[in-house]
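The values are calculated or read from the model by the stated rules, or taken from the named source; none is laboratory data. Since the structure is predicted, the reported quantities are computational estimates derived from the model, not experimental observations. Methodologically, a virtual Cβ is constructed for each residue, glycine included, from the backbone with ideal geometry; neighbour enumeration extends over all protein chains shown. Protein only, heavy atoms only, side chains kept; ligands, DNA and RNA dropped before computing areas. Shrake-Rupley method; radii C 1.70, N 1.55, O 1.52, S 1.80 Å.
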Amino acid sequence: MVDEKIHKVVIIGSGPAACTAAIYTARAQLDPVMVKGFEEGGQLTTTPEVGNWPGAVGDPSGFDIMQNMIKHVNELGVEGIADVVVGADLKGEIKTLKLSGGQELKTRSVIIATGARARYLDIPSEAQFKGRGISACATCDGMFFRNKTVAVIGGGSVAFVEALFLANLCSKVYLIHRREGFRAEQVLVERVNEMVKTGKMELILNATVKEYVGEQLLNGIVIDVKGEERKIDLNGVFVAIGHTPATDVFKDQLELDKSGYIVTRKSESPVTSTSVPGVFAAGDCSFPEYHQAVVAAGQGCQAALDAEQYVLGIA
Ligand code: NAP
């Protein structure tokens, strides 16, 4: 179904960057359309508590923050489409986006805020147990492991937040990391160390997962700790080893870096410009350095202002 209307701006995504871009472009009378994906709200919806969103006193959940943001977007009358972009022709003045349901959108400008998705270890036995004991989201799946034994893989802030969340639900949480140093924020490291003292959590360092074991459901893992093999009986594994930008669909259209992030700042200004005029990028799909919701929201604002200038012909 081809939508003959030529929109001024289409925003792809529904996380903090996309919602902020929608709020700004709607208030600028650009009548934005949002292609929201199938899971509205993006990665932040899976964060159990957010302690660094300015003004959000009392550590609200990422889900609550995103619900408010989406409400704000809806109150501004932004048209939202629950679908994903599967094809794009971004060159030229009028850009075309193809959605999985067959709809085609034409637009003068595009703001890409597709975020990033969770990475897995990619070892042979992993696929078999995804959804049968292996997950990448403790907030989504943690409750299935109430009073059970689980492991979290990773040494970054996400792994630490997930491990702390699970320690309140599960009987035992192993935190398994491939080296001794952590990327996680110091405040989280301290909280984990406190939890280790209670015996509810165990840190296993210099360790890599060799194999997932089980029958229908996962019931253990084999790890290598400094060259020695160890088997751990458990019910669940939460993989928290970072994310991959959701940019595949644009790889033949835009310049991406070697990790797949959209290259921006193609000129001094505007900051969110990509290799194609009229296409702007914001948030975790384009800026890997910070990975913070507040940064993504700020970039959504920048992309909206950049797109506005472009559409009005001021750029
Ligand atoms: P991250 O900081 O990049 O950490 C990824 C972790 O996974 C690292 O410890 C890394 O190990 C490990 N890893 C990567 N590939 C692996 C593999 N193949 N096998 C085993 N381990 C592997 O990513 P993140 O934890 O997802 O956090 C993303 C961003 O969000 C960060 O900037 C973080 O600060 C931010 N964040 C902040 C908060 C907060 O409360 N403020 C909460 C969540 C996230 P190495 O260290 O050895 O590379």
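The set of residues from segment 177-217 being among the hydrophobic types (A, V, I, L, M, F, W, C) and within 16 Å of the ligand (Cβ to nearest atom) comprises Phe182, Ala184, Val187, Leu188, Val189, Val192, Met195, Leu203, Ile204, Leu205, Ala207, Val209. Somewhere in segment 45-57, is a residue within 21 Å of the chain's Cα centre (by Cα) and more than 16 Å from the ligand (Cβ to nearest atom)? The answer is no, given that none of the residues of segment 45-57 is within 21 Å of the chain's Cα centre (by Cα) and more than 16 Å from the ligand (Cβ to nearest atom). Residues in segment 147-170 include at least one that is near the ligand (Cβ under 8 Å from one of its atoms), within 20 Å of Asp233 (Cβ to Cβ), of a type in the set (Val, Ile, Thr) and out of contact with any Cys (no Cβ under 8 Å at 6 or more places or on another chain). No other residue among Gly55, Gly51, Gly42, Gly37 is under 19 Å from Leu99 (Cα atoms), among the small types (Gly, Ala, Ser) and open to solvent by 20 Å² or more (accessible area, probe 1.4 Å) apart from Gly42.
Filtered by the rule that a residue be in contact with a helix residue (DSSP H, G or I) (Cβ under 6 Å, 6 or more places away or on another chain), in a helix (DSSP H, G or I) and polar (S, T, N, Q), segment 35-53 gives Thr45, Thr46.
For (1) out of contact with any Lys or Arg (no Cβ under 6 Å at 6 or more places or on another chain); (2) open to solvent by less than 40 Å² (accessible area, probe 1.4 Å); (3) of a type outside the set (Lys, Arg); (4) over 25 Å from Arg183 (Cα atoms), each residue gets a yes or a no:
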site: Asn235; (1), (2), (3), (4): no, no, yes, yes
site: Val239; (1), (2), (3), (4): yes, yes, yes, no
site: Val249; (1), (2), (3), (4): yes, no, yes, yes
site: Asp257; (1), (2), (3), (4): yes, no, yes, no
site: Pro270; (1), (2), (3), (4): yes, yes, yes, yes
site: Ser275; (1), (2), (3), (4): no, no, yes, yes
site: Gly278; (1), (2), (3), (4): yes, yes, yes, yes
site: Gly283; (1), (2), (3), (4): yes, yes, yes, no
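Residues that are surrounded by 14 or more Cβ atoms within 10 Å (Cβ to Cβ) and either touching a residue at least 40 places away in the same chain (Cβ under 8 Å) or outside the structural domain of Gly131 (by TED's automatic domain parsing) (or both) within segment 208-222 comprise Val209, Lys210, Glu211, Tyr212, Val213, Gly214, Leu218, Asn219, Ile221, listed in sequence order.
The condition (being open to solvent by 20 Å² or more (accessible area, probe 1.4 Å), at pLDDT 95 or above, within 20 Å of Gly37 (Cβ to Cβ) and not in a loop (DSSP other than H, G, I, E, B)) is satisfied by just one residue among Gly80, Gly87: Gly80. Residues satisfying the criterion are absent from segment 218-225 (criterion: away from the ligand (no atom under 12 Å from the Cβ) and among the charged types (D, E, K, R)). Of the residues making up segment 104-118, none is outside any strand (DSSP E or B), surrounded by fewer than 24 Cβ atoms within 10 Å (Cβ to Cβ), within 16 Å of the ligand (Cβ to nearest atom) and within 23 Å of the chain's Cα centre (by Cα).
When you scan segment 273-293, do you find a residue that is of a type in the set (A, V, I, L, M), free of Cβ contacts under 8 Å to residues at least 40 places away in the same chain and either touching a helix residue (DSSP H, G or I) at 6+ places or on another chain (Cβ under 7 Å) or not assigned by TED's automatic domain parsing to the domain that holds Tyr174 (or both), even just one? No, because not a single residue in segment 273-293 is of a type in the set (A, V, I, L, M), free of Cβ contacts under 8 Å to residues at least 40 places away in the same chain and either touching a helix residue (DSSP H, G or I) at 6+ places or on another chain (Cβ under 7 Å) or not assigned by TED's automatic domain parsing to the domain that holds Tyr174 (or both). Collect the residues in segment 123-135 that are more than 10 Å from the ligand (Cβ to nearest atom) and part of a loop (DSSP other than H, G, I, E, B), keeping them in residue-number order. Selection gives Pro124, Ser125, Gly131, Arg132, Gly133.
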